[in-house]
Structures are given as structure tokens and as C-alpha cells.
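Only one structure is covered here, and it is reproduced in the block below.
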Amino acid sequence: MTHAEGIWDRLRRTFELYADGDAESARIRGEHLGQLVRLTPLLMAANLVAGGLVWLAVGRAGGFWLAGWLGLLSLLAVLGIAGWWARRHRPVGQVSSKGYRRGTWHAALLGLCWGLAAAWWFAPASPAERVLIATLVTGMLSAGAFALAMLPWASLAYAWLIVAGALLALWRAGDSIFLAVAVLLLSYASVVSLAAMALARQSTALLRARLSHARQQQVVSLLLRDFEENASDALWETDAAGHLVHRSARLAGLLGVPQDRLGEVRLPQWFAARSKEAGPLLAAWALGRPFRDLKLQLGRGEQARWWALSAKPIAAADAASGGGGWRGVIADITEAQRFENQLRLQAEQDALTGLANRRSLMNAAQAAMSLGRPGWLLSIDLDHFKVVNDSSGHSTGDEVLRVVAGRLLALVEEGDLVGRLGGDEFAMLRLGASPSRAPQAMAALIIDKLSEPIDVGPKRLHVGASVGLARLDPGIANVEDLMVNADLALYDAKRSGRGRSVVYASSLGAASRRMHTVEQALREGLEHGQFELHFQPKVDSHSLQALGVEALMRWEHPVLGSISPGEFIPAAERCGLIHELGALALQQACLAARELPGLSVAVNVSPLQLMEPGFVESVERVLVRASVGPSRLHLEVTESLMLEDAQAALRRLHALRELGVQVALDDFGTGFSSLAYLRAFPFHTLKIDRSFVRSLTEHADARAIVNTIVQMAGVLGMRTVAEGVETERELAVIRAIRCDEVQGYLVARPMPLAKLRDWLAGRPITGPVDDVDSRVLPWRLTQLTSPPTTMFGGDV
């Protein structure tokens, strides 16, 4: 904006009220005239007093003109006072521009009166009288111009009419000194006029701002009223003592106080009496610091409510109570808080059982370790839960998990936390300072309680549990290592026969590293052809004529050396390579059968391999490719096959029998022997475990057991094979009880195919002797024991 445009804009804003404009301009005119009306008695009295002083100064020399002048001045003063009297009790609302102009005419007449007084009587007056008249005129000029500043045209008309009369008086006086006085008068009058116009603009702008603020306040009040009527929040205001001064129905409803008694409520004390979390609010209140979204819980349980409070202290001039207080809002966030609590609960609680989940349990363990608190972590895994899930359905399995959770909760003591880690894995964190049960005793109690039958509807189900224990040792770096220790102990417990507990020891860590090394080397071994079959003959117990061989897998690693089947078979099952390993054994065994005419070839089959979809079809394909008759292939399975899903296992075995393959039950008598399995599936052969054979010559009961097995097999039409025959005395007993076949070191050790051909031909066997015992694990001293197995390697 240029300088000229700025001047024009100021002039426009100075005189804008003389146009009709809008309602706001009318209200501003009313405010200006109202201020002037309130000054009217004082101004008119000043005019009358000043008129009396002029009469004293001029006296009789004024004659008729003085009387007329005094009459006009008195008339204007009376009219002004009469107007004030008529409006003294009426608030001035809106005033039209016409009313504004009437005020200007009245001011102009007053200015004309004082201009005429100066023009008529200044020149003939004596020096003393001139001083009096000049003083009166300049005083009336300045005072009137500023008093009329709210009506800028009235101020200008009044002032410049007086100036015009004064200039005429100075001209009539004829003294050259009065020329300088005239210049000064013009200067003073200009300054007074500019100041009056500036005052008019500022006053108008101030009133416009005040009206705008009032409109905003009105809108805000309407919005707040609507807000309080329709929203869940409530506005509040207190005085300096904390008493509520803003009292709404919504606030009364939130506080549970009748609206007419809200004034009795002291808000800080009200919150302190009803919430244990009011400390931060009281501290902020005492320090006079504003706060925002301060969350408070009122009540407990299902009746609990949550509020979010925001407030700030207010100045004394702004408070409704007339003194400094607080103003704020209460937001009812109960539903949002309940939803948040539910989300937090879902993040920290297992949805199925209601126990703590893995995250919550690990956080608790980490916190305890950070504080150096002693304690124990019990890792609990259900035994045979997969059988329940597969045979009875997942809904039944879920109910079993809930019952297990309830039984675990019934055992907890102070400081214990029970959680579900996932699937059928649970854990108990024990942090009590003086528990009534030692960790091992608690583990034993858990195993006992979880071994009790579980009734789900008409079904009575049985599961067991194995437990691994790990101490919260200060030397453990983090909670992950603690979990690993507990899992290693649990794994050892399950390998040791399940239904037992094992405490973690550092040796388990070495065993774990060994297992990891073997698992890592397995795939490389398969890819590089490091696995080879050895064959151990089975012969007729009386003639010792070879009837067949058992294929036993051997692994010679270039770095680790000879690795026992009792070590690499479980590793292959853990890392998912058992199918590839089993397929390799089956292919090599069938190819070897082509070179061993008249002999059967037995291959051990892992339960995981047998239950694989398409296993029966894969056996048929291998037999076709090798051009071997199905009856020459014997597949040996262990009784553990029946533990997971007996019905599905029996279906697979029947399919193999229909194919023409012979099926043998290996290690009979060492596992979960059941005559029901023998009746459901007529195995071709029962293999008597070598643990019985070794006791034949020393224990009568062992001989009785083996004799019973042989007679039972004969009744069922099954052949029997005695494993692990190593002495002539054992062979004599075996013959006496009429066992069909024998297998063991007395007959021959396992040997590669080339040496087997020499043995069958009666040629001497030279070279290294296969003395691998797959049932003795390399880490036996670490207590990582395993139930007997001959899967691909049961030397007998």
C-alpha cells in the first residue's frame, strides 16, 4: 500500500460510521453516542461556566449581542441536558447515521457560538480581558475536540469553527504579533484534530474487536452448550478453593451429585477420595501447572470408570467466581479404556486357557532376572496330546488344554506364574521367596496331576507330562537362554521315557551343541553319499542256515567320524530328513536283494516315515524298479508306532500286507506291548528284544517271558526272531524254547554287501569289524538317555 493509499484508508476508517453500514456499525455508533451522552452534563456545565466568564470579561460592552449569544449558548446547553435526561436510564443500542449527524449539528452550533465569541469580543477587549477570552476559547477548543472525538465530523466542525472565529479575531486586532499566534493556533488545531481522528479510529476498532469477541463467545457458548448436552464430556470450572462454579446437568450426572448441590463439591478433594491415582492431579493443582489427558480410574471391577482430565489455571479476571481458579473438561473414556484393557489382555494372555502367554511369561522372567531375584522356570510339555487331537478332534483337544491349565493353576503358590507357550507347551515361573514345595517336588506333582484321566463329555482321555527345570542363574545372559536351558532339560526328560522331570545341567548344553552339529552335517552327508547299508544275517535257530538279512544304516563322517544310528536317526527325525534317509535305505536294500537270491531283506521304518502320505505307493515303486518280489521285503516297525495314531498306523500296515510286503514287530516286550495290537494286525514276525535274550541264562523269569512270547506267536501264526544272541548258552536256551530264528554276534556282525557275499559263500571275512552299537549314545554320561531303538541300526 502506497503512502497516499494509507492516508485514504485511515480517512475512510475515521468517517466510516457516517454511512448506514450494517448492524455492527449501528451498535458502534450507539456505543460512541452513549459515551458522549454520559459526558453531556459535565460538558454543558463547562459551556455555561465558560459563558458566564465571557459575560464577566465583556460586561455591558457586549450589549444586545452578548445577551443573544448567552441565550443561544444556554439554549444549546439546555437541549443537551434535556437529551441526556431523556436517555439517562435507557441503554443506547443501535444508532442510525442520521442520529450521528444530529450530534454533529449540535457540536457545530456550539463551535459556532465560541467562534463568534472570539470574533466579536477579543479585538475590543483590554489585554487582561483578551487573556481571559483566549484562554477560554483555547480550552473549549481542546476539551471539546477530544470530548467529541468519537464523532469525528462533530469534533472537526466544533474545533474548526472555533478556529475560524479565533483567526477572525486576530485579524481584527491588527497587531503583527498576532500573525505568529495565528500560525500557532492553526498548528495546535491541526494536531488536536489529527489526535481526535486517531482516537476515533482506535475506539471504533476496539469496539469492533470487542463485538467480534462477543460474537465468538456467543458461538462458543452455544457450541459448548450443545457439546455438554450431546457429548459424553463435561466442562467444569472452580474457584481458587476448588469449589465448582460451572454447574451443568452433564457434570452432575458424571459426578453423581444433584445439580443444585454441585457448588458444595471441592473437585480436588472429590477425586482424592475416589481414586488411588489422583496424586499427579493433586500435585499439578498445588503447583498451578496445567495438565492434559490425565487419566484417572474411579472404582474397581465391573463398576470401574475411567476419566481423562484436562485443565489449566485461569486468571482472576476471567474466572466466573471473581477469583483465580481452574477451568477444564472431563472426558469419559471408560469404553475406550476397557477396549484398551482388552487388547492388552489379549497381548499378554492366552485366549484359549486364560493363562499368561509366552510374551507375558518371558517379560516376567526378564524382570526377575534384571532384579537378581532367585527362581526357577519349569517347562512343561504334554505327552501324547497329538493322539487326543487327531482321534477326538481339535475341540476336544482345546478342552483338554483348558483342563490342564486349571490343574496347573490349582498348584500355584505365592510368586508363581503359569503360562501357555503355545500348542501343548506350558511353563511355570516360580519366584516365591519361600515356596512350600521344592522345584523338583513341584515338577513331580505336576506330572502326577496331569497324568490323571480327563473326562470330556462321554470320553475319558489320558495325557501325561514331561518337565524340564532351569534355575534363574545370575550367569544367564538373557531370558532366551533361560528358555533354551529349560527346553534342553525338557527334551532330555522326553528322551528318557517321558512322564519325568530333568534339571538343566551344563552338560546338556554340550549335548545340544553336539546334536546341532549332527543335524547340520546330515544334509551334507546325504548329498555326498556318506551313508552306507551294512547287513546282519538272520539264521534258522537249529540249522543256522541263513534265511535273511537286516539292513542297518551306517554313517562315516569325514570329520566327526563314525556316528551311531542312535544319534543320527533322532536327529534326522527332528530336522525333517528322516524321509530322505528312509527312502535311501529302502532303495539300497531292494537293490541289494537282487544280489541275495533266496534271502529276505529287512528294513527298519521310522513311524514318521510310515505315516507319510504316499509311503505305501513309494514302497511299491521301489520294488518295481528293483524287480524284487514284495514277499522278500520285510519292514520292521516298533511298538511306539501305535502310540500316536494307532488306527491310521494299522491302516498303513494292512495296505503294506495287501501289497505282499512282510511286516515285523521289532523290540517286542520293551515298549508299550499290547495284545490288542497283535490281534488287530497279524504281524509276520515278532522280534524278541535282546534285553530278554541276555537274561535267559541268569533269570528264570526272563526265560518264562520269552517262552510265553514264542508260544503266543505260534498261536497267532507268527514267526519269532531272538535278537542279540552272543553265546552258545543263549543259543541253546533259544533252541529249547523253539524260537524260529536267531540274530546276533554269535552268528555274524553287520557287514557291507561285499563281505556278506563272502560270508554266505563260506569265505573268511577280513578287514575292520563293524562294532557299532546304536543303542549306546556318545553322550551317555550327560544323562541324555534314549529308549531302545533299532531304527536303521539295532545291532543284535
Find all pairs meeting these conditions: Cβ atoms under 6 angstrom apart; at least six residues apart or on different chains; first residue within region 596-608 and over 15 Å from Pro537 (Cβ atoms); second residue open to solvent by 20 Å² or more (accessible area, probe 1.4 Å) and charged (D, E, K, R). Leu608/Glu573
Does region 264-303 hold any residues that are farther than 20 Å from Ile333 by Cβ and loosely packed, with under 12 Cβ neighbours inside 10 Å, and which are they? Glu264, Ala273, Ala283, Ala286, Leu287, Gly288, Arg289
Extreme residue, most open to solvent (accessible area, probe 1.4 Å), among residues of region 718-747 that are on the phi < 0 side of the Ramachandran plot, touching a helix residue (DSSP H, G or I) at 6+ places or on another chain (Cβ under 7 Å) and assigned to a loop (DSSP other than H, G, I, E, B): Leu746
Ala46 meets each of (1) at pLDDT below 75; (2) small (Gly, Ala, Ser); (3) in a helix (DSSP H, G or I) with one exception, condition (1)
Quick one: Gly139 ticks every box in (1) over 21 Å from Ala182 (Cα atoms); (2) surrounded by fewer than 24 Cβ atoms within 10 Å (Cβ to Cβ) except a single one, so which number is it? (1)
Cβ contacts < 8 Å: first residue more than 15 Å from Glu237 (Cβ to Cβ) and aliphatic (A, V, I, L, M), restricted to region 291-316; second residue in a strand (DSSP E or B) and open to solvent by 50 Å² or more (accessible area, probe 1.4 Å), any location; separation 6+ or different chain. Result? Leu298/Arg305; Ala308/Asp293; Ala308/Lys295
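Buried (at least 20 other Cβ atoms within 10 Å of the Cβ) and part of a loop (DSSP other than H, G, I, E, B): does that describe Ala117? Before the answer, list the steps.
Values: buried (at least 20 other Cβ atoms within 10 Å of the Cβ): yes; part of a loop (DSSP other than H, G, I, E, B): no.
Answer is no for this residue.
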Near pairs, Cβ below 8 angstrom, 6+ apart or cross-chain, from region 408-422 (in contact (Cβ under 8 Å) with a residue 12 or more places away in the chain and over 13 Å from Gly375 (Cα atoms)) to any residue that is among the β-branched types (Val, Ile, Thr) and assigned to a loop (DSSP other than H, G, I, E, B): Val418/Val412; Arg420/Thr353
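Of all residues in region 459-502, count the ones that are part of a strand (DSSP E or B) and touching a residue at least 40 places away in the same chain (Cβ under 8 Å). Explain how you work it out, then say what you get.
Kept after step one, since they are part of a strand (DSSP E or B), are these residues of region 459-502: 459-461, 464-471, 501-502.
This time we only want the ones that are touching a residue at least 40 places away in the same chain (Cβ under 8 Å), so: 459, 461, 464-471, 501-502.
Adding up the residues that qualify gives 12.
In region 516-584, which strands (runs of 3 or more DSSP E) lie fully inside it and hold 1 or more residues that are open to solvent by less than 30 Å² (accessible area, probe 1.4 Å) and under 19 Å from Leu633 (Cβ atoms)? Break it down stepwise before answering.
On the way: elements: 531-540, 546-557, 561-563.
In region 516-584, the matching strands (runs of 3 or more DSSP E) lie at 531-540, 546-557.
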Only one of (1) part of a loop (DSSP other than H, G, I, E, B); (2) open to solvent by 20 Å² or more (accessible area, probe 1.4 Å); (3) at pLDDT 80 or above is not met by Arg652, so which one is it? (1)
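Across region 607-649, which residue is least open to solvent (accessible area, probe 1.4 Å) among those that are in contact with a Phe, Trp or Tyr (Cβ under 8 Å, 6 or more places away or on another chain) and under 19 Å from Gly576 (Cα atoms)? Step through it out loud before you land on a result.
Residues of region 607-649 in contact with a Phe, Trp or Tyr (Cβ under 8 Å, 6 or more places away or on another chain): 609, 639-640, 642-643, 646.
With under 19 Å from Gly576 (Cα atoms) added as a condition, the list becomes 609, 640.
On the way: Gln609: 9, Ser640: 54 Å².
Looking at the filtered set, the residue picked out is Gln609.
Which of the residues that make up region 502-515 are of a type in the set (S, T, N, Q) and open to solvent by 60 Å² or more (accessible area, probe 1.4 Å)?
First, pick out the residues of region 502-515 that are of a type in the set (S, T, N, Q): 506-507, 512.
Ser506, the sole residue that qualifies.
Being open to solvent by less than 20 Å² (accessible area, probe 1.4 Å), polar (S, T, N, Q) and under 30 Å from Val37 (Cβ atoms) is the requirement here; does Ser155 meet it? Break it down stepwise before answering.
Details: open to solvent by less than 20 Å² (accessible area, probe 1.4 Å): yes; polar (S, T, N, Q): yes; under 30 Å from Val37 (Cβ atoms): yes.
Criteria met by Ser155.
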Output the qualifying pairs, or none if there are none: Cβ atoms under 9 angstrom, residues six or more apart or on different chains, first residue in region 702-721 and farther than 22 Å from Val539 by Cβ and among the aromatic types (Phe, Trp, Tyr), second residue open to solvent by less than 40 Å² (accessible area, probe 1.4 Å) and at pLDDT below 90. none
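Take Ile705 and tell me if it is among the β-branched types (Val, Ile, Thr) and part of a loop (DSSP other than H, G, I, E, B). Steps first, answer last, please.
Values: among the β-branched types (Val, Ile, Thr): yes; part of a loop (DSSP other than H, G, I, E, B): no.
Considered against the rule, which asks whether it is among the β-branched types (Val, Ile, Thr) and part of a loop (DSSP other than H, G, I, E, B), Ile705 comes out as no.
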Please specify each residue of region 252-277 satisfying the condition of being under 18 Å from Gly299 (Cα atoms), in contact (Cβ under 8 Å) with a residue 12 or more places away in the chain and hydrophobic (A, V, I, L, M, F, W, C). Leu254, Leu255, Leu267, Trp270, Phe271
Selection from region 165-180 of residues that are farther than 15 Å from Leu136 by Cα and of a type in the set (Gly, Ala, Ser): Ala173, Gly174, Ser176, Ala180
Tell me, yes or no, whether region 49-57 has at least one residue that is open to solvent by 60 Å² or more (accessible area, probe 1.4 Å), over 18 Å from Trp120 (Cα atoms) and either modelled with pLDDT of 70 or more or part of a helix (DSSP H, G or I) (or both). yes
Val503, sole failed condition from (1) over 24 Å from Val400 (Cα atoms); (2) at pLDDT below 90: (2)
Within 20 Å of Ser155 (Cα to Cα), in a helix (DSSP H, G or I) and modelled with pLDDT under 70: is that true of Asp9 in this structure? yes
Screening Ala486, Ala521, Ala505 for residues that are closer than 12 Å to Leu378 by Cα and hydrophobic (A, V, I, L, M, F, W, C) leaves only Ala486
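The values are calculated or read from the model by the stated rules, or taken from the named source; none is laboratory data. Please read these numbers as outputs of a predicted model, since none were measured by experiment. Note that each Cβ is placed from the backbone with ideal geometry, even for glycine, and that neighbours are counted across all protein chains shown. Please note that ligands, DNA and RNA were not included when accessible areas were found on the heavy atoms of the full protein model with its side chains. Shrake-Rupley method; radii C 1.70, N 1.55, O 1.52, S 1.80 Å.
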